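*Asks:* Below is the structure I would like to discuss, written out as structure tokens.
The values are calculated or read from the model by the stated rules, or taken from the named source; none is laboratory data. All values derive from a computational prediction rather than experimental measurement. Neighbour counts are summed over all protein chains in view; Cβ atoms, including those assigned to glycine, are modelled from backbone coordinates with ideal geometry.
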Amino acid sequence: MSIFDKLKGTVSDVAKAARDAVGANVKTETVVIGKLPESLEELKALPEAAMDTPFKTAALTVCALCVYGAEPSIGIEMLNFLRGPRPLSNQEISFLKDRFADNHYYIPFSYFKGATPENDYKPAEPFTLEIKAGPYAYQDEGYAKLDIVSGGADSPRQVQLRKTGDGTWYLWDQFLMVGIRDPKSLNPWA
């Protein structure tokens with residue numbers, strides 16, 4: 001027996017306790033969208049458009065970003081609806097335009113289950129999102145920071161939402177349009 005065996009056990013015990021503590025404070029919600037909306041009216045017709053939980057608004061944000069990749073003007077309408085009384089600024093619109101440059105339309109699709117670089121981020125249907133509220137999701141009163149896993153990233157990305165007095169959760173900010181692994185069809189090394 002090595003003198004270091006005692007340390008290995010201690011580190012393992014501490015790591016397991018930390019994982020268990022964090023896991024106990026994580027709430028995961030699965031949101032299933034049968035068909036991606038192609039207009040603001042279709043988005044508003046989805047049950048998630050009640051926006052009575054931050055999870056629903058986060059899911060609709062992913063849908064709106066998918067639409068933006070196909071038709072930016074409709075995507076902006078959807079995002080403005082999700083943002084409520086605080087529409088996108090010119091800077092935020094410019095940021096989206098930049099993030100979707102060079103055909104990066106696949107980034108928002110990477111958040112749906114089954115979408116991976118190997119299948120060019122084609123999600124399984126129905127469109128399913130797993131959204132997590134970690135232990136610090138609600139640390140700021142009236143706000144929620146939720147995590148969404150991307151099939152092309154090693155760590156989850158966040159969506160920040162804000163609750164109004166009537167209980168509606170609006171999109172405050174999104175950190176979804178960041179770099180992920182290229183889809184196989186665009187990867188020269190694949």
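*Asks:* List the number of the failed condition for residue 110; all other conditions in (1) within 17 Å of the chain's Cα centre (by Cα); (2) modelled with pLDDT under 95; (3) not basic (Lys, Arg) hold.
*Replies:* Tallying (1) within 17 Å of the chain's Cα centre (by Cα); (2) modelled with pLDDT under 95; (3) not basic (Lys, Arg), residue 110 fails exactly one: (2).
*Asks:* Out of all the residues in the stretch 127-146, which are surrounded by 19 or more Cβ atoms within 10 Å (Cβ to Cβ) and either over 16 Å from residue 31 (Cα atoms) or without any contact (Cβ under 8 Å) to a residue 40 or more places away in the chain (or both)? Spell out how you get there, then give the answer.
*Replies:* Filtering the stretch 127-146 for residues surrounded by 19 or more Cβ atoms within 10 Å (Cβ to Cβ) gives 127, 129, 131, 133, 137, 144-146.
Those that are surrounded by 19 or more Cβ atoms within 10 Å (Cβ to Cβ) and either over 16 Å from residue 31 (Cα atoms) or without any contact (Cβ under 8 Å) to a residue 40 or more places away in the chain (or both): 137, 144, 145.
*Asks:* Considering 124, 101, 115, 70, which residue is on the phi < 0 side of the Ramachandran plot, without any contact (Cβ under 8 Å) to a residue 60 or more places away in the chain and buried (at least 17 other Cβ atoms within 10 Å of the Cβ)? Steps first, answer last, please.
*Replies:* Details: 124 fails: buried (at least 17 other Cβ atoms within 10 Å of the Cβ); 101 fails: buried (at least 17 other Cβ atoms within 10 Å of the Cβ); 70 fails: buried (at least 17 other Cβ atoms within 10 Å of the Cβ).
The match here is 115.
*Asks:* Taking the stretch 131-169, which residues are aliphatic (A, V, I, L, M), over 19 Å from residue 104 (Cβ atoms) and not in a loop (DSSP other than H, G, I, E, B)? Give the derivation first.
*Replies:* Of all residues in the stretch 131-169, those aliphatic (A, V, I, L, M) come to 131, 133, 137, 144, 146, 148-149, 153, 159, 161.
Then keep just the ones that are over 19 Å from residue 104 (Cβ atoms); that gives 131, 133, 137, 144, 146, 161.
Hits for the stretch 131-169 are 131, 133, 144, 146, 161.
Okay, residues lined up against (1) more than 14 Å from residue 112 (Cα to Cα); (2) out of contact with any strand residue (DSSP E or B) (no Cβ under 7 Å at 6 or more places or on another chain):
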site: 25; (1), (2): yes, yes
site: 38; (1), (2): yes, yes
site: 58; (1), (2): no, no
site: 61; (1), (2): no, no
site: 65; (1), (2): no, yes
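*Asks:* Continuing with this model, one more query. Out of (1) assigned to a helix (DSSP H, G or I); (2) touching a Ser or Thr at 6+ places or on another chain (Cβ under 9 Å), the odd one out for residue 94 is which?
*Replies:* Looking at each condition in turn, residue 94 falls short on (2).
*Asks:* Being within 15 Å of the chain's Cα centre (by Cα) and either on the phi > 0 side of the Ramachandran plot or buried (at least 19 other Cβ atoms within 10 Å of the Cβ) (or both) is the filter here, so list the residues in the stretch 170-190 that pass it.
*Replies:* Of all residues in the stretch 170-190, those within 15 Å of the chain's Cα centre (by Cα) come to 170-180.
Correct list: 171, 172, 174, 176, 180.
*Asks:* Mind telling me which of the residues 123, 108 ends up being part of a loop (DSSP other than H, G, I, E, B) and closer than 30 Å to residue 188 by Cβ? Talk me through it step by step, then tell me what you get.
*Replies:* Values: 108 fails: part of a loop (DSSP other than H, G, I, E, B).
Checking each option against the conditions leaves just 123.
*Asks:* Shifting gears a bit: Within the stretch 68-88, how many residues turn out to be assigned to a helix (DSSP H, G or I) and either of a type in the set (Ser, Thr, Tyr) or over 14 Å from residue 161 (Cα atoms) (or both)?
*Replies:* The first filter runs over the stretch 68-88 and keeps only residues assigned to a helix (DSSP H, G or I), leaving 68-70, 72-83.
Then drop every residue that is not either of a type in the set (Ser, Thr, Tyr) or over 14 Å from residue 161 (Cα atoms) (or both), which leaves 68-70, 72-78.
Final tally of qualifying residues: 10.
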